[in-house]
1. Taking LEU98, is it part of a loop (DSSP other than H, G, I, E, B) and at negative phi?
2. Determine, yes or no, whether GLU122 is of a type in the set (Asp, Glu), farther than 18 Å from PHE14 by Cα and without any contact (Cβ under 8 Å) to a residue 60 or more places away in the chain.
3. Among ALA69, ALA31, ALA65, which is the only one that is under 17 Å from the mean Cα position of the chain (by Cα), surrounded by 18 or more Cβ atoms within 10 Å (Cβ to Cβ) and either of a type in the set (Val, Ile, Thr) or more than 14 Å from ALA109 (Cα to Cα) (or both)?
4. Of the conditions (1) loosely packed, with under 12 Cβ neighbours inside 10 Å; (2) touching a residue at least 12 places away in the same chain (Cβ under 8 Å); (3) not hydrophobic (A, V, I, L, M, F, W, C), GLY46 fails just one. Which one is it?
Amino acid sequence: MATKVLDSWALIAFFEDEPAAERVERLLVKAEAGTHNLLLCVVSWGEIYYNTMRTVSQQAAEQKAKEIAGLSIELVGVEANNLELVRQAAIYKATRRLSYADAFAAALAKIRNAELVTGDHEFRQIEDEIKIDWLK
């Protein structure tokens, strides 16, 4: 079964019905059917929350949080027993020009040997290290 990591760009595109929304929706349907595992780092979850709160309202951010909870996406936390993820994100942040949230999404893809699903061109600099499913 294929494992894919969604970054915040992918889910924001889905929620805002941007052109990439249809592809993200197909991935969500496959995850619901059990043919894909979809992962989302809690740092990316937080990025979606703060982006929605900043651009719309806290009430809208809470609604997005509920919607994400209803999707077939495994949230991956940043706990003391998951220092491998934190270490890899810190390495990406220190050596690449990635935002901290994007560093966590890339680190999760690398550690889980998964494909990162994104349309964020910031990840171009790291496509030599991780597989990327580019959304348009």
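Bear in mind that the values in this text are calculations on the coordinates, not laboratory data. Computed from a prediction, not measured in an experiment: that's the story for all the values here. FYI the Cβ positions are ideal-geometry reconstructions off the backbone, even for glycines, and counts take in every protein chain you see.
1. yes
2. Yes.
3. One residue alone meets the criteria, ALA31.
4. Of everything listed in (1) loosely packed, with under 12 Cβ neighbours inside 10 Å; (2) touching a residue at least 12 places away in the same chain (Cβ under 8 Å); (3) not hydrophobic (A, V, I, L, M, F, W, C), GLY46 misses just condition (1).
Yes/no matrix, rows are residues, columns are (1) in contact with a Leu (Cβ under 7 Å, 6 or more places away or on another chain); (2) not charged (D, E, K, R):
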site	(1), (2)
GLU18	no, no
GLU25	no, no
ASN37	no, yes
CYS41	yes, yes
TRP45	yes, yes
ASN51	no, yes
